[in-house]
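First comes the structure, then the notes that go with it.
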Amino acid sequence: MMHPYENELKALKRSGRYRERLVADDALIDAASNDYLGLAHLKELHLKACETLSRYPYHAPKASMLVGGYHPIHAAFEKALCEANGFETGIVMGSGFNANIGLIEALVRKGDVLLMDEDYHASGIIASRLCEGEVHFFPHNDTEFVQTALERYRDRRVIVAVEGIYSMGGDTVRREILELAISHNTILILDEAHSSGVIGENLMGILDYYQIAPTPLMVKMGTLGKAYGSFGAYALCSAHIGEYLINRAKNVIYATAPSLYDTALAYHALEYILAHAAQLRKKISIRQKIVYDVLGISVPGLIVPLEIGDNREVMRLQEDLKNEFGIHVGAIRQPTVKKAIIRLIARLDIDESLLRQVCERFGPILDKISR
C-alpha cells in the first residue's frame, strides 16, 4: 500500500478543504499574514538584531535552556518584556503552538479543572487532551458559564484559558471573564498571540487594553511571529509560577532554546513598538475606521473576519482579489472555523485607499449573504 491516505485526501478535495503550501508571492500585497505592524519588512530591526548577535562568539543556542542554552540575549529580552508588561519573570519559548502545549500540559495537574474558551487556538485544544485534569470547554465568551463553573469548582485548583484577541473571530475576551478569574483566585492563561503589539495604550495587549494589573496567578503567553515580526514566543508570570514551569514545562526542559537571532530581533521590535506606540495606534485606528465606515464592522485589532460560509467560494474570492487588486487575503475553511471566512488583515503596510476599495468589494457580497 503505497498511498495509505488516498481516500482521506480525496475526501478533503471533494469538500473543498484540501490545502497546499504555496510559496509566498512578493508581488502581491499582504492582507493575510499576522505581521500586523509590518515589522517583518523593517530592515532596521534586522540590522540591529545582526549587530546584537555579532557581539557574541556564537550565533545559535546549541542546547536546551537547562543545559547551557540560556543566553544573555534571552535574559535581556525576558527582562525587557517583564518591565513593559508588569510581570515578575519571563521565559522565552520556541513558538506559540509550542508554548501552549507546554504551559497547559504543565499547569493542569491531576484533580485540577481547566476551563477553556471553545474558540481557543488549536494548540490549546491539543494540550487539553494531554493534561491530567478535568477539562470543560465553555461557549465563546460566555461570562455566565464561567461564573457558574467557578462557583461549582471553588474548592479545586482551576485554570481558565482565554485569548486576548481571538485569531479567527477578531474579538476580545470579555473583561468580565478576566475579572471573574481574578476574583475567584484562579490561574489565568492569557493567549496574547493576536493582541500583544496591537491593542492597549502601550500596545502591550489585553491587560493594557483593559487597564488591568497583572496578578501572581496570571500567565501571559505572547508570540513573536505576529506583531513583533520575528519568530518564537514567551510566557510572563510570577516568580513562583516561573520557577514551576522551568521545572515542569516539557517545551522548556526538552527543547533547544529559542533562536538567538529571532530573540534579538523581537527585542528590538519591542523597543520599536514602545517608542512608536502613539503613531502605531493612530495608524491602527485609521484602518479600524475604514472597516467600520465601509462594512459596519467594529474590530478591536486588525483582524477583519468576513463570513462567507462556503469553502469553495472563499477560495474563489481569494483568487478574484489577487487578480483585481493584487492583494492576498486569507481564505479560512473548516475545521479551522465553523463557517468559511475571508480573513482580511488590515496591516499597517496596506495603503488606506486600497483597504477601502477591498472593503467596498465585500459590501454587496455580505449584504447578499445576510438577506
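The values are calculated or read from the model by the stated rules, or taken from the named source; none is laboratory data. If you're wondering where the values come from, they're calculated on a predicted model, not measured in any experiment. Neighbour counts run over all protein chains shown; Cβ positions are idealised from the backbone, glycine included. Calculation scope for accessible area: heavy atoms of the full protein, side chains included, ligands and nucleic acids excluded. Shrake-Rupley method; radii C 1.70, N 1.55, O 1.52, S 1.80 Å.
Using the average count of surrounding beta-carbon atoms within 10 Å as a protection proxy, the listed peptides 43-54, 117-128, 220-231 rank, highest first, as 220-231, 117-128, 43-54.
Among bridges DSSP assigns within the chain, what percent are antiparallel (round to 5)? Display every interim value, and only then the final one.
Details: 19 of 40 bridges.
The antiparallel fraction comes to roughly 50 percent.
Across the accessible surface of the chain, with the other protein chains kept in place and a 1.4 Å probe, carbon and sulfur atoms take up 52 percent. The sum of -39500 (n - 2.57) across all DSSP H runs of n ≥ 4, divided by the residue count of the chain, sets its helix-only mean residue ellipticity at 222 nm to -13500 deg cm²/dmol.
Each residue of region 210-220 is assigned a 3J(HN,Hα), and the resulting list reads 8, 6, 10, 6, x, 10, x, 9, 8, 10, 9 Hz, derived from the Karplus form 6.51 cos²θ - 1.76 cosθ + 1.60 (θ = phi - 60°), x at Gly and Pro.
DSSP beta bridges in region 80-219, what fraction antiparallel, as a percent rounded to 5? Before the final figure, lay out the partial values.
On the way: 1 of 17 bridges.
Antiparallel bridges: around 5 percent, rounded to the nearest 5.
Please label the shape of region 204-282 as rounded, prolate or oblate, based on the square roots a ≥ b ≥ c of the eigenvalues of the alpha-carbon gyration tensor (a/c under 1.5 means rounded; beyond that, a/b larger than b/c means prolate, else oblate). It is oblate, given that a/c is not under 1.5 and a/b is not larger than b/c. Extension gain for the segment residue 25 to residue 155, taken as residue separation times 0.36 nm less the Cα-Cα distance, is 41.4 nm to one decimal. Accessible area per residue for the chain is 48 Å², calculated with a 1.4 Å probe on protein heavy atoms, without ligands, DNA or RNA.
Give a quick list of GluC sites (Glu not before Pro) in region 156-256 that DSSP marks as loop, anything other than H, G, I, E or B, with at most 15 other Cβ atoms within 10 Å.
201
Here the Karplus curve 6.51 cos²θ - 1.76 cosθ + 1.60, taken at θ = phi - 60°, turns the phi angles of region 78-92 into couplings of 4, 5, 5, 4, 4, 5, 6, 10, x, 9, 7, 8, x, 9, 6 Hz, with x standing for Gly and Pro.
Estimated at 0.36 nm per residue, the fully extended path between residue 58 and residue 351 surpasses their Cα-Cα distance by 101.4 nm.
Modelled label positions at residue 324 and residue 14, each set 7 Å beyond Cα in the direction of Cβ, lie 3.2 nm from each other.
For Cα pairs less than 8 Å apart in space and 6+ apart in sequence, what is the mean separation divided by the residue count of region 223-313, i.e. the relative contact order in percent? Before the final figure, lay out the partial values.
Working: 50 pairs, mean separation 18.4, N = 91.
So the answer I get is 20 percent.
Separation of region 54-92 and region 330-361 by C-alpha centroid, Å? About 35 Å separates the Cα centre of region 54-92 from the one of region 330-361. Directionally averaged projected area (region 203-248, Cα convex hull): 3.7 nm².
The H on the amide N of residue 219, modeled in the peptide plane, is under 5 Å from the matching H of 188, 189, 190, each at least 5 residues off or on a different chain. Normalised by the number of residues in region 119-254, the average gap of Cα pairs under 8 Å and 6 or more apart makes the relative contact order 16 percent.
Largest first and in whole Å, the equivalent-ellipsoid semi-axes of region 99-200 read 20, 16, 11, each the square root of five times a Cα gyration tensor eigenvalue.
For a test of the definition: using alpha carbon positions, the gyration tensor, and the 1.5 limit on a/c, classify the chain as rounded, prolate or oblate. Each step should come with its number before you reach the end.
Details: a/c = 1.42, a/b = 1.21, b/c = 1.17.
It is rounded, given that a/c, with a ≥ b ≥ c, falls under 1.5.
In loop segments of region 31-117 as defined by DSSP, the chymotrypsin sites (Phe, Trp or Tyr not before Pro) with at most 13 further C-beta atoms inside 10 Å of their C-beta are 58. Between residue 148 and residue 274, the modelled label-to-label distance comes to 4.4 nm, taking each label 7 Å out from Cα in the direction of the beta carbon.
Normalising the average separation of contacting C-alpha pairs (under 8 angstrom, six or more residues apart) by the number of residues puts the relative contact order of the chain at 23 percent. Put a dot 7 Å past the Cα of residue 369, heading toward its Cβ, do the same for residue 281, and the two dots end up 3.2 nm apart.
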